[in-house]
Amino acid sequence: MDPWNLTANRIRLAANGLERVAGYGIVLKDGRRQQRIECDDAEDEICVYSYLNWLWSDRGSRSESHGLEWKNGQIEEDLLRWLDSQAWLTVGDEVPAQAVLDTESAAIGTQIDQAVAKLLDEVPQELHGVLGETLVLVLGWTDSDCTVLSACEESSIELAALRLSLGYYSRNAVVVHECLQCASATALLALRHALPPRTAKPQPPEGYGDSDENAIGIGLTQWLAFITRAAVEPRRLLSATIVPPDLPVSTGEQFIIEVERFAEHVIERLGVNPYLQRLTYCKDTHAPLLAGLAIEEYYVTRRFVEIIAPMLSKRLNEPLRQLMFRYFSEELGHEKFEYDTCVAHGVTLAELREAVPLPIHASFVDAFTLTAQLHPMGFLCSIMVTEGLYGRSSPLGDQVHRLTAGVRRLQDVTARHSSLNESLSHDTITRHALSQIAVINRREKRRALFALRLLLELNSCTWEDMATFYGSSPTLQMHGFLGSRLKRNRAPDVTPSV
């Protein structure tokens with residue numbers, strides 16, 4: 001990678017004034033813009049200050065209108081290189097750090113307030129009692145309660161998904177987890193309900209820290225969708241009625257057969273894919289259903305290597321370790337295929353950045369990542385959820401091929417990705433992985449099948465929600481913060497080409 005220093009980053013030095021400050025620092029000023037160069041001690045400070053004065057007086061010029069100006073870019077580049085060589089590297093902010101922190105905290109607080117206000121508006125008054133009970137339940141969850149196995153015990157899809165996402169955020173994005181807890185406590189107080197014991201008074205996090213600020217919007221959108229539906233119209237966790245068998249100790253190869261049989265049983269019990277059902281009757285290449293598939297696949301694929309990443313730090317046996325590193329490297333960069341498909345549907349990068357994934361899609365990735373972190377055996381068995389069962393046909397792929405047949409750009413990008421996946425044989429990774437395990441005990445088998453069962457149902461729900469959102473409008477609408485439908489600035493440009 002490129003070096004991080006003043007020269008490589010092409011830092012533009014302020015040039016209106018020069019001032020020595022306390023703490024062995026020198027401040028370069030240009031109106032409201034300030035940059036601070038830190039020195040190690042007083043001797044270094046004198047040296048740098050003297051050098052800058054000499055440089056500007058000898059090679060710069062001053063004017064009343066522009067202050068100090070460099071005669072040419074080479075002079076500034078020389079100075080940057082000299083500062084780098086002396087390790088006097090720190091350049092301060094144009095805006096004081098506290099002001100930035102206050103702005104970030106205020107923005108987070110506004111988002112939380114918007115989510116709470118919409119929750120109270122969408123849940124009917126007569127159900128506020130149920131809503132309060134749900135919020136108390138959520139606030140009572142600890143990190144140890146938010147695991148894949150504990151989510152399997154939930155009565156509804158919504159509470160299972162929220163429990164999984166909270167478990168993911170508490171381990172991977174603490175700022176987002178704090179936001180969701182703050183939103184739950186704020187909503188509970190708005191209902192004039194006492195907070196549960198040991199629940200802190202709601203306080204938004206102090207800034208984004210190292211977190212992606214978009215993750216907060218995604219997390220609050222998940223929180224709103226799941227809490228609302230859990231209170232108003234929860235979906236029963238169907239897979240809870242499918243009890244994984246108590247299997248005997250066996251080799252990994254024997255477990256392959258048991259896993260695939262169990263997966264087929266769960267898929268059959270979950271029933272028809274509602275998205276595929278709608279797509280089967282679709283005749284329009286411009287249909288939002290088809291573009292929506294590309295959009296949600298882009299969001300999932302963009303995070304897909306994160307799902308595999310926890311496996312890279314596990315102390316796996318050597319063949320398994322090599323397999324996981326290979327899987328990671330082969331998946332790296334695949335979001336480019338889905339992005340190209342979005343572009344072929346007329347969706348811009350700006351639109352993808354403004355929109356957020358459907359809540360259940362985001363939770364599916366959260367759950368898969370959490371499975372890799374907490375239940376490696378469950379992850380190995382569940383790879384087939386995204387990669388497919390070896391030997392099974394892909395009705396969805398057939399329908400996408402049918403609809404894109406007359407549009408070369410769409411056909412090219414979708415065919416390129418599917419061809420690559422076929423050549424990589426990722427639908428056999430579960431077989432490869434389990435065949436490298438000499439023996440698997442009963443407890444590990446059962447835990448793995450519970451994880452597989454839950455992920456299969458979450459995957460089924462992603463298709464259901466995608467059919468509902470993208471199939472409810474004759475024109476493509478993007479899914480925005482807190483479930484809003486974003487207005488598009490341009491119509492899809494999908495002109496058939498021959």
> For residues in the stretch 176-196 being without any contact (Cβ under 8 Å) to a residue 60 or more places away in the chain and in contact with a Phe, Trp or Tyr (Cβ under 6 Å, 6 or more places away or on another chain), which is surrounded by the fewest Cβ atoms within 10 Å (Cβ to Cβ)?
Replying inline: His177
> Restricting to the stretch 345-398, what's the tally of residues that are of a type in the set (S, T, N, Q) and surrounded by fewer than 24 Cβ atoms within 10 Å (Cβ to Cβ)?
Replying inline: 6
>> It is to be established whether one or more residues within the stretch 204-225 are of a type outside the set (S, T, N, Q), under 27 Å from Arg453 (Cα atoms) and touching a Gly at 6+ places or on another chain (Cβ under 9 Å).
In response: yes
> For the stretch 131-162, what are the residues that are under 18 Å from Ser460 (Cα atoms) and part of a helix (DSSP H, G or I)?
Replying inline: Val148, Ala151, Ile157, Glu158, Leu159, Ala160, Ala161, Leu162
> Which residues, taken from the stretch 373-411, are more than 27 Å from the chain's Cα centre (by Cα) and free of Cβ contacts under 8 Å to residues at least 40 places away in the same chain?
Replying inline: Gly391, Arg392, Ser393, Asp398, His401, Arg402, Ala405, Gln411
> Counting only residues that are of a type in the set (Gly, Ala, Ser) and surrounded by 14 or more Cβ atoms within 10 Å (Cβ to Cβ), how many does the stretch 283-335 have?
Replying inline: 5
> In the stretch 208-226, what count of residues is obtained for those that are surrounded by fewer than 18 Cβ atoms within 10 Å (Cβ to Cβ) and in a loop (DSSP other than H, G, I, E, B)?
Replying inline: 3
> Pro357 fails exactly one of the following numbered conditions: (1) closer than 30 Å to Ser239 by Cα; (2) in a helix (DSSP H, G or I). What is the number of that condition?
Replying inline: (2)
> Is there a residue in the stretch 78-87 that is part of a helix (DSSP H, G or I), under 30 Å from Ala185 (Cβ atoms) and either modelled with pLDDT of 80 or more or of a type in the set (A, V, I, L, M, F, W, C) (or both)?
Replying inline: no
>> For the structure I just gave you, tell me whether Asp121 is of a type in the set (D, E, K, R), in contact (Cβ under 8 Å) with a residue 24 or more places away in the chain and part of a helix (DSSP H, G or I).
In response: no
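The values are calculated or read from the model by the stated rules, or taken from the named source; none is laboratory data. Keep in mind it's a predicted model, so treat the numbers as computed, not measured. Counting neighbours? That spans all protein chains shown, and the Cβs are built from the backbone with ideal geometry, glycine included.
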